[in-house]
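All remarks here apply to the structure that follows.
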Amino acid sequence: TAKLWDARPGRPAARAAVLGSAAAALPDAPTASLAHPNLVDAVAFDHTGTLLATGCHDGLVRIWYVAKGQAAKEIKAHVT
């Protein structure tokens, strides 16, 4: 599972991180949990921050709508 937290500047968690409280750097619960059937070892946001790509050991790259926490597309990246 890939998990998303909202750590944009101005959010309570982001303010706590700026003030040096590492324990409070992220909210207690993620804003989204993106299910995968296997280990996720690569993630990347697009330049706007609206899409997230995840690479999973099942050979698929998944593109996600960040705001919705929903998959937009799956790409067969590695079949072996």
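Tabulate in residue order the Karplus-calculated ³J(HN,Hα) for segment 65-77, using 6.51 cos²θ - 1.76 cosθ + 1.60 with θ = phi - 60°, rounded to whole Hz; enter x for Gly and Pro.
So the Karplus estimates, Gly and Pro as x, are 7, 4, 4, 8, x, 10, 6, 9, 6, 10, 10, 6, 9 Hz.
Taking amide H positions as placed 1.01 Å from N in the peptide plane, with prolines and chain starts having none, which residues 5 or more places from ASP6, or on another chain, fall under 5 Å of its amide H?
Excluding prolines and chain starts, which carry no amide H, the hits are THR31.
Which distance in nm do the two modelled labels at GLU74 and HIS36 give, with both placed 7 Å along the Cα-to-Cβ direction?
My value for the distance between the label points is 1.4 nm.
With θ taken as phi - 60° and the coefficients 6.51, -1.76 and 1.60, list the Karplus ³J(HN,Hα) couplings across segment 47-59 in order, rounded to whole Hz; mark glycine and proline as x.
5, 8, x, 8, 10, 10, 9, 10, x, 10, 6, 8, x
Can you pull the one-decimal nm distance between simple spin-label points at ASP46 and LEU4, each 7 Å off the Cα toward Cβ?
In this crude spin-label approximation the distance works out to 1.2 nm.
Taking amide H atoms as placed 1.01 Å from N in the peptide plane, list the residues 5 or more away in sequence, or in a different chain, whose amide H sits under 5 Å from that of VAL43.
GLY55
No value in this document is a laboratory result; all are computed from the given coordinates. Everything quoted here is computed from the prediction, not taken from an experiment. Glycine also receives a Cβ, built like all others from the backbone with ideal geometry; neighbour counts cover every protein chain displayed.
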